[in-house]
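To keep things clear, I will list the structure first and then write my remarks on it.
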Amino acid sequence: MAATIPWDEAIAREIIDSMRNLEGALLPILHGLQDRFGYVDARAVAIIARTLNLSRAEVFGTLSFYHDFKRQPPQGSTIKFCLAEACQARGAEKLASWLEHKHGVKLDGGASNGLAVETAYCFGNCALGPNALYDGEIFGALDETRLDALCLRATKNAGAQS
Ligand code: FES
């Protein structure tokens, strides 16, 4: 996955048009927009509604129902941290405590110093857990040292974006 870019209506229309004929196109479109821009801009709602022949309320209802969809531009960097069973068995919860203790970042607690960490459930890399996902890349076999390095990288990227 490429790094996200600022909202651009022409690119948003391309994404929407490229998926408009998919079965149940709304969710793939919302995911496509979020992957590209890091969130789904409110201006996309009317375009999607017109393209899919839905009401704005229907589009907005779906967008707001799923917590995974962001409606504001991301503040800093976000790491997705797996707390599904296999990663838990390999120490993910202990690492989550480390995150809070060492980096002051609480899981799902919003951004702190430009870094947010959100709970996720399985990236399909269970044998190499604990795992995190950042900028489209899976970071496996995490321990405190590797997690520190990942946080440093994400924080630096957040600084570069601002
Ligand atoms: S349980 Fe974490 S990647 Fe599958």
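The values are calculated or read from the model by the stated rules, or taken from the named source; none is laboratory data. In this text, all values refer to a predicted model and were calculated from it rather than measured experimentally. A quick note on method: Cβ atoms are made from the backbone with ideal geometry, for glycine too, and the neighbour counts reach across all protein chains shown.
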Quiz prompt | Long-range neighbours under 9 Å by Cβ, at least six apart or interchain, first residue in the same structural domain as residue 157 (by TED's automatic domain parsing) within the range 105-130, second of a type in the set (Val, Ile, Thr) and assigned to a helix (DSSP H, G or I) | solution = 113/155; 114/155; 115/155
Quiz item: Taking residue 91 and the conditions (1) over 26 Å from residue 38 (Cβ atoms); (2) touching a strand residue (DSSP E or B) at 6+ places or on another chain (Cβ under 6 Å), which numbered condition does it fall short on, given that it satisfies the others?
Solution: (2)
Self-check item: the range 115-162, subset farther than 20 Å from residue 85 by Cα and part of a loop (DSSP other than H, G, I, E, B), residue farthest from the chain's Cα centre (by Cα)
Solution: 162
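Residues 143, 68, 108, 135: which one is farther than 23 Å from residue 35 by Cβ and among the acidic types (Asp, Glu)? Please lay out each step first, then the result.
Values: 68 fails: farther than 23 Å from residue 35 by Cβ; 108 fails: farther than 23 Å from residue 35 by Cβ; 135 fails: farther than 23 Å from residue 35 by Cβ.
143 is the lone residue from the list that is farther than 23 Å from residue 35 by Cβ and among the acidic types (Asp, Glu).
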Quiz prompt | Tally, over the range 72-92, of residues that are modelled with pLDDT of 90 or more and either more than 12 Å from the ligand (Cβ to nearest atom) or in a loop (DSSP other than H, G, I, E, B) (or both) | solution = 5
Exercise. Could you check how many residues of the range 57-84 are surrounded by 13 or more Cβ atoms within 10 Å (Cβ to Cβ) and without any contact (Cβ under 8 Å) to a residue 40 or more places away in the chain?
Key: 9
Self-check item: Test set (1) free of Cβ contacts under 8 Å to residues at least 12 places away in the same chain; (2) away from the ligand (no atom under 12 Å from the Cβ) - residue 144 fails condition number
Solution: (1)
